[in-house]
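Data block below; observations after.
The values are calculated or read from the model by the stated rules, or taken from the named source; none is laboratory data. Everything quoted here is computed from the prediction, not taken from an experiment. Neighbour counts are summed over all protein chains in view; Cβ atoms, including those assigned to glycine, are modelled from backbone coordinates with ideal geometry. Areas reflect the complete protein model, heavy atoms only, side chains present, ligands, DNA and RNA absent. Shrake-Rupley method; radii C 1.70, N 1.55, O 1.52, S 1.80 Å.
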Amino acid sequence: MLLKQQPPLEECLPALREWFDSDLGRQLLDAEQALLDRLLPTLFGYYLVQVSVDNRLDLGRESPIKHRIRINPVIELGMNEQALVAKNEELPLEHNSCDVVILHHALDFAQSPHQVLREAARILRPGGHLILLGFNPVSTWGLYRALKWQKSELPWSGHFISQHRLRDWLALLELTEVRALSGYFALPFQRAGWRENSFICERILRRYGKRNGAFSVQVARKDVAGMTAIKPRWLRRRLINLPIAEPTARANKVGR
């Protein structure tokens with residue numbers, strides 16, 4: 001899969017946040033947040049890390065995890081006290097230290113999505129969960145993006161990586177997909193009137209195309225291979241020392 005080269009994330013943030021502040025973007029965020037609010041109460045631990053293109057959001061608000069860290073690529077006024085300024089490709093956190101990691105459109109606008117995913121897997125502890133949330137190419141939004149003349153506009157210039165492709169990437173990092181969901185079935189029209197007039201299409205998609213929503217969510221668990229138990233020394237089978245007969249040399253007495 002060839003991925004379009006993206007500009008540095010810090011250059012895209014103002015335009016991305018402006019789009020998410022639009023009526024269409026806000027509706028999408030509300031649908032994403034509602035789905036996360038259903039998933040997060042079932043995931044436990046001590047540390048949750050949020051990697052998002054819009055860190056004004058508190059995506060982990062319904063999580064039972066108290067320590068929630070937000071990764072921000074630039075220094076901004078009013079940042080959360082638990083925010084860390086860092087690149088998504090270089091997370092300043094220890095190996096196997098976090099229980100839940102949320103990648104919210106972080107792969108869609110990354111210069112190196114593979115590296116962002118590797119970093120998320122690295123800081124995730126064994127048994128921890130990774131939540132991938134991004135635009136779904138197998139949707140009316142993906143079709144609109146393919147037909148759109150100006151593909152350089154945000155957010156349509158993002159990667160739009162399919163769940164099937166992400167499933168392969170997860171397997172390479174020894175992460176096991178445990179859930180795959182999708183949401184928000186309205187057509188990608190900026191004008192509210194057009195979206196309202198297309199409610200029949202939305203209803204059909206909601207009923208028959210449950211995996212074809214505008215965004216997709218994948219929950220993966222970091223599994224570790226089973227270890228072979230070593231028996232204590234006193235349980236190991238010992239070899240019995242048996243006397244071994246040594247061959248005897250017999251002198252050949254010829255003519256005696």
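Checking (1) 55, 22, 19; (2) 31, 23, 16; (3) 25, 21, 18 against semi-axes √(5λ) of the Cα gyration tensor in Å calculated from these atoms, the matching label is (1).
Could you compute the FRET efficiency for GLU196 and GLU76, with r as their C-beta to C-beta distance and R0 at 30 Å, rounded to 0.05?
Details: r = 35 Å, r/R0 = 1.17.
For R0 = 30 Å, the calculated efficiency reads 0.30.
Our coupling estimate for region 137-143, obtained by passing each phi through the Karplus curve with A = 6.51, B = -1.76, C = 1.60 and θ = phi - 60°, is x, 8, 7, 5, 5, x, 5 Hz, Gly and Pro reported as x. Surface composition of the chain: carbon plus sulfur atoms hold 55% of the accessible area, using a 1.4 angstrom probe and ignoring ligands, DNA and RNA.
Based on protein heavy atoms only, the chain ends up with 61 Å² per residue of surface accessible to a 1.4 Å probe.
If you average 1/r over every pair of different alpha-carbon atoms in region 97-234 and take one over that average, what Kirkwood value in Å do you get? Kirkwood hydrodynamic radius for region 97-234: 16.7 Å.
Suppose we take every Cα in region 166-217 and form the convex hull; what volume per residue is that in Å³? List each step's numbers first, then the result.
Values: hull volume 3.9 nm³, N = 52.
With only Cα atoms used, region 166-217 gives 74 Å³ per residue.
When only alpha carbons are used to place a centre, region 1-20 and region 136-188 end up 15 Å from one another. Report D for region 146-193 in µm² per second (integer): Stokes-Einstein, Kirkwood Rh on Cα pairs, 37 °C, 0.692 mPa s. Rounded, D is 239 µm²/s. The long axis of helix 163-172 is offset from the longest Cα principal axis of the chain by roughly 30 degrees. Taking amide H as placed 1.01 Å from N in the peptide plane, the amide H of PHE215 sits under 5 Å from that of ASN136, GLY183, each at least 5 places away or on another chain. Is any residue of region 1-34 close enough, with backbone N under 14 Å, to a label point placed 7 angstrom from the Cα of GLN115 along the Cα-Cβ axis, and if so, which? Under cut-off, by backbone N: 5-10. Mean silhouette area of region 34-146, derived from the convex hull of its C-alpha atoms and averaged over all directions, reads 7.7 nm².
Inverting the pair-averaged 1/r between distinct Cα atoms of region 1-81 gives 14.4 Å as its Kirkwood hydrodynamic radius.
From its DSSP helices (H runs of at least four residues, each -39,500 (n - 2.57)), the chain gives a residue-normalised ellipticity at 222 nm of -8500 deg cm²/dmol.
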